[in-house]
Each structure stands twice: as C-alpha cells, then as structure tokens.
Amino acid sequence: MTELQTNELLKQYAVTYETRDFLKGDPSWFMHQVSGEANQEAMAFIASGISYGSRKQFLPKIDWMRQQAGGEIDVWIREGRYANVLPSDANDCFYRLQTKSCMNKFLHSYQLLLDKYDSLGSYLRHQSGGHVMTALQAVEQITNWFALHGSGGVIPKNAQSACKRVCMFLRWMVRTDSPVDLGLWSDFIDRSSLIMPLDTHVMQQACKLGLLKSRTTSMSTALRLSDVMNTIFPGDPLRGDFALFGYGVNNQ
C-alpha cells in the first residue's frame, strides 16, 4: 500500500467510526450519561483513569462509581463521599492493580485539586498563565499534581511514559464538533498538539501501516505518531485515533 493509499484509507475509517455508535462499549460513554460540565469533566477523568485491560472488567467499575455518586460525580468527590465505599484502609482489590485504598488516594488527590482550583480545567488554566497550552504541557501538569499528592498509581508519575489514558482524556476534553468528544477545554489547549493515546495495540497497528518504526510505548513515540497524524488530519491529529480504531476492527 502506498503512503497516499494509507492516508486515504485512514481518512475513510475516521469518517466511518467517529459517530455516536463509537460510544457503545467505550469508556467515553459515561461522560455523556451525566449532566453539567463539572460532572462531565469529573466523570471523564475517572473513567479514563481506570480504562485499561479488559473492557468487560473496567466498564462495570466505572459504572459502579457513577451509580454510587447518583450521577453527581463532581460533588461525590468534592465532599469526600467516595470514602464511604472506598475507605483508605481497605486493601482488597478494586480493579487489577488498584486496591480500594489506592482508589481512595487517587480520589483524595483529586478532591484536593477541586478544593483549591474548583475543577481540573481551572487548575490547568491557572498553570497556563492565561496562554494557550499544549497537550504535552497539560499532561505534565496533571502528572505533576498527582505525583505530588499521591495518585495511588492511577495517574503516571511523569510524562515520560506514553500516558495513554491521560492523552485519551485530553482528546475528550479538547476536540470539538464531535459526536464523541466534549470539547470543554477547546479554548485553552491547542487541538493540533493533542497526543495519540498510545498502547501496544495502537503501536502495532501503526507499525503495520508504516506510520511508526519504533515499538517502544513511550511519550516520544506517541509524539512521533501524533506528528504523522497531523500530516494526514491537519490541525486535528486525534481524528487519527478513530481511524486506527477502524483499521484495527477491519484487520483483526
């Protein structure tokens, strides 16, 4: 397949798969099930945080937290209600690597951020100093906060790893005019700087298509793939996230 043919194929997949049907069975579905920007932002952040491994296993965990909060996930965190069901001294498993205690630490770190800045978006706006921020800067600020305040291992300790789930969350928050993404932060994070959510599966698909040569899931590799996607989808590289998803579905 020539480079031109690959690019055209990816554009076709992006059109086919960036629809509301994409939400079915995807963690992005949950942020569309709550009302108000504060709840959408908080639901999206929590959903992205534990979106790894088997969807059959992590989707029910996300839904359990949504139901515990009665849909008011922002207040549930802000008022510390999570501690009633995820106590700090509970070392039994919540999901895979995370115990209930780990989740308590993560949510407590988030609660501290909400107490000080009112929202994660406001925190990043404050850190930007009134300037447009790149996605990498946003990833760095998010990982910095949770590293300093004890994330319980849910958020990567720095931006050297691919930070797949944080990059996915930023896609949800920044991209506009999408039936999937919310675009709540489109005013202060540069859409063209968004970083591909890179995991082993995405990397393998990208290598098959000749978009990548490296097989290391690092931030530098994610940035290289994002640069390639920016040439195919100018100004909107994460349109390529839907395209690679489509390629994976059709070439299993």
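Just so it is clear, none of the values below were taken in a lab; they were calculated from the coordinates. Predicted, not measured: the structure shown is a model, and the values here were computed from it. Note: ideal-geometry Cβ built from the backbone for every residue, glycine included; neighbour counts use all protein chains shown.
Beyond 23 Å in Cα-Cα separation lie the following of the pairs 164/208; 157/213; 116/157: 157/213.
Amide H contacts of residue 133: 189, 190, each under 5 Å away and 5 or more positions distant or on a separate chain (H built 1.01 Å from N in the peptide plane; Pro and chain starts excluded).
Summarised as an ellipsoid, the range 24-150 has semi-axes of 23, 17, 15 Å, derived from the eigenvalues of the Cα gyration tensor scaled by 5 and square-rooted, with the largest first. Remark: 9, 225 ranked as 9, 225, counting other beta-carbon atoms within 10 Å and listing the fewest first.
Ignoring trypsin sites (Lys or Arg not before Pro) that are buried or in helix or strand per DSSP, and keeping those with at most 14 other beta carbon atoms within 10 Å, what is the longest stretch of the chain between them? It runs 25-95.
Per-residue ellipticity at 222 nm from helix content only, as computed over the chain with -39500 (n - 2.57) for each DSSP H run of at least four residues, stands at -16500 deg cm²/dmol. For the chain, modelled as a GNM whose springs connect Cα atoms under 10 angstrom apart, the maximal fluctuation among 43, 219, 168 occurs at 219. Here the gap between residue 186 and residue 6, fully extended at 0.36 nm per residue and compared with their Cα-Cα distance, gives a gain of 61.9 nm. Considering only alpha-carbon pairs that sit under 8 angstrom and 6 or more positions apart, the relative contact order computed for the chain is 21 percent.
Using Cα atoms only, what is the angle between the long axis of helix 135-148 and the major principal axis of the chain, expressed in degrees (0 to 90) to the nearest 10? The angle comes out near 30 degrees. Counting only alpha carbon atoms, the long axis of helix 100-117 and the longest principal axis of the chain meet at about 90°.
Taking Cβ atoms as reference points and 11 Å as the exclusive limit, the residues near residue 36 contribute a net charge of -4, counting Lys and Arg as +1 and Asp and Glu as -1. From the alpha carbon centroid of the range 125-178 to that of the range 193-252 is 19 Å.
The C-alpha atoms of the chain define a longest principal axis, and helix 219-232 lies at about 50 degrees to it. Debye sum, Cα scatterers, the range 3-250, no solvent: what log₁₀ I/I(0) at q = 0.09, 0.11 1/Å? Debye output, listed in q order: -0.37, -0.56. Expressed per residue, the C-alpha convex hull volume of the range 42-99 stands at 77 Å³. Distance between the C-alpha centers of the range 1-57 and the range 80-116? Whole Å please. Using only Cα atoms to place each centre, the spacing works out to 25 Å. In the range 208-252, the inverse of the mean reciprocal separation of distinct Cα atoms equals 11.1 Å; this is its Kirkwood hydrodynamic radius.
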